[in-house]
Amino acid sequence: MTTPAAETPVKTFISYAWTSESHKARVRALADRLRLKGIDVILDQYHLRDGEDANAFMELVATQGPVKKVVVICDPKYVQRMNARQGGSGQEGTIMSPHVMAQLQGPVDTAGERERRYVAVIFDRDPALPVSSPGHVPTMFASSVYIDMSTDELMDENFERLQRFLLDKPALVAPPLGQVPAHLRGDAPPALPSRAQAGALRRAVEREKGVAGAFQDYVDQVLSALGQLPPATEEREFSMGRAIEAADQFTPVRDEWVEMLRLVIRQDMLPVDVLGDALERMLNLPRERADQTQLPESAFAYLDVLRLELILYTAALLIEARAVEALQALTERTYFAVYPSSQQPVTLGRLGRVSDEALLRQRYNALTERSWTSPVGVWLQTRASLQAVPWEKLLEADLMLALKTALERQSTTAQASQWHPVTGPGWQRRGPVPLFERFTSRRVLGPWLPFFRAASADELRTQLHAAFPDRSYSQLMQDKWREWSVLSDHLSLDRLGSLN
């Protein structure tokens, strides 16, 4: 394996005791494996010649450097000799003396801390004792990083962890520091509570009685919380900063919404009609608020984003629970957009539309100093803070709603509104959609076929190809996302229903 010219191999010294020939062979096997992965390992078995002195070899390693990392292979003999501060010899192996260790210490950074250069690797331990027990590593490494490779299985399991330490590539990196949510800052008004109604809904579910009424009371409070959020204006001009603050105030209510929905969905007690009516009321809320305040409707455009967010969380929960009939009822029902002198019937796609999206894009891009293709999607991703419903589940829900409306437009004579997924860029460079990977099983796909109005996997595949004849996402995502991978790859179309 060759190392790219632009990268300098990490020079790594392995210190250990010559406990036995089998121990030496195991150390050498680890060194061989590291070298094959691009780590420049220095090992006496490679570099110390017959008749040469191990102490002189270690002094030479320390002075010739720069040694970036040191792997300390710990077994009882090594621990004993290190704790006794005994140096190495030609018969004992490369056990570092305090003098050599001082030479191999990492540099001190600007904060006055030394670079993390040493890692203790446990090659032999008492399996009856936890790995952290005293005696498994030398006293001087008791508070340092150590990796358990005491068995071949543990060596395989923890090999990447050792690699990451040597390459300074941790598995987890702290995300950028964000801002304290508006509803938790001292200068922000408290979020409007729906706690009492949530408690009543929990009790109704426990009693299995009066759930529909309790759910109605709960969604009324959620709508009230939405309706009392402040307008996003400064001197009657739309303010993206104010919109983000208003949305942040709603976050606790959103999180409770997810919790309550999961409760009634899992107990198969979801009043779908009540939920659908609530979504319709959310659709008309920005216009109602504009009429009430005599402000432009753009001052409440963020309410469209919050409605979209709640729909995505709702769809994600229904998909997770395989509540196909409930999701189908929500996606196929007629909603009504209320105007001063009329009511216009609309379909699901209209509920996913953000009014004044161009204005929101302009202001969000200006605020973040980036040119986002889908600022609504980026904004929703920054708000996707729930561990139980991660961002990937919202991506999946967004795509499912888009496919559903696309097939509806293909199969009906009525003019249905297209759901254009705002999370589109999130799928860029991703692999197959997890749900459609599971749809390769006829057992998993079967209950979902009515949702797509298909009788078989072959019919669904044909319908999707007919809806998107170029087999690309360009039609689904509008022309602005032509760089997406082909639709058939993301949806595993060629393998739909191919397995039991």
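The values are calculated or read from the model by the stated rules, or taken from the named source; none is laboratory data. Note that the structure is predicted; figures quoted are calculated from it, not measured. Cβ coordinates were reconstructed from backbone atoms using ideal geometry, including for glycine residues, and neighbour counts include every protein chain displayed. Heads up: the accessible areas ignore ligands, DNA and RNA and are worked out on the full protein's heavy atoms, side chains in. Shrake-Rupley method; radii C 1.70, N 1.55, O 1.52, S 1.80 Å.
Rolling a 1.4 Å probe across all protein chains gives residue 152 an accessible area of roughly 100 Å².
Modelled spin labels at residue 80 and residue 195, positioned 7 Å past Cα toward Cβ, are 6.3 nm from each other. The order of 237, 332, 288, 280 by accessible area, most exposed first and with a 1.4 Å probe, is 237, 288, 332, 280.
Provide the per residue accessible area, probe 1.4 Å, for the range 200-249, rounded to a whole number of square angstrom. List each step's numbers first, then the result.
On the way: 2460 Å² over 50 residues.
So the range 200-249 comes to 49 Å² accessible per residue, rounded to a whole number.
The candidates 393, 24, 404, arranged from most to least accessible area with a 1.4 Å probe in the full protein assembly, appear as 393, 24, 404. For a straight C-alpha distance cut-off of 19 angstrom, the lysines reachable from residue 77 (same-chain residues fewer than eight places away being disregarded) are 24. Residue ranking by accessible heavy-atom surface, 1.4 Å probe, largest first, among 18, 419 comes out as 18, 419.
Between residue 293 and residue 410, how high is the FRET efficiency from 1/(1 + (r/R0)^6) when r is the Cβ-Cβ distance and R₀ = 51 Å? Nearest 0.05. Intermediate values should be presented prior to the final figure.
Values: r = 41 Å, r/R0 = 0.81.
Result of the calculation: an efficiency of 0.80.
Summary value for the range 227-374: 25 percent relative contact order, contacts being C-alpha pairs under 8 angstrom separated by 6+ residues. Counting heavy atoms of the protein chains alone, residue 68 has an accessible area of about 80 Å² for a 1.4 Å probe. Candidate cross-link partners of residue 393 among the lysines, defined by an alpha-carbon separation under 25 Å and a same-chain spacing of 8 or more, comprise 404, 480.
Can you work out the accessible area per residue across the range 293-356, with the rest of the protein chains kept in place, probe 1.4 Å, in square angstrom? Can you show the working numbers first?
Values: 2400 Å² over 64 residues.
Each residue of the range 293-356 exposes 37 Å² on average to a 1.4 Å probe.
Seen from residue 351, the other residues with C-beta closer than 10 Å to its C-beta sum to a net charge of +1, counting Lys and Arg as +1 and Asp and Glu as -1. Listed by chain and number, the lysines whose alpha-carbon sits under 19 Å from that of residue 68, ignoring those within fewer than 8 places in the same chain, are 11, 37, 169. Full extension of the segment from residue 202 to residue 442, taken as 0.36 nm per residue of separation minus the current Cα-Cα distance, would add 82.8 nm. All other residues whose Cβ lies under 13 angstrom from that of residue 222 are scored, Lys and Arg at +1 and Asp and Glu at -1, for a net of -3. Ligands, DNA and RNA aside, residue 32 has an accessible area near 70 Å² when probed at 1.4 Å.
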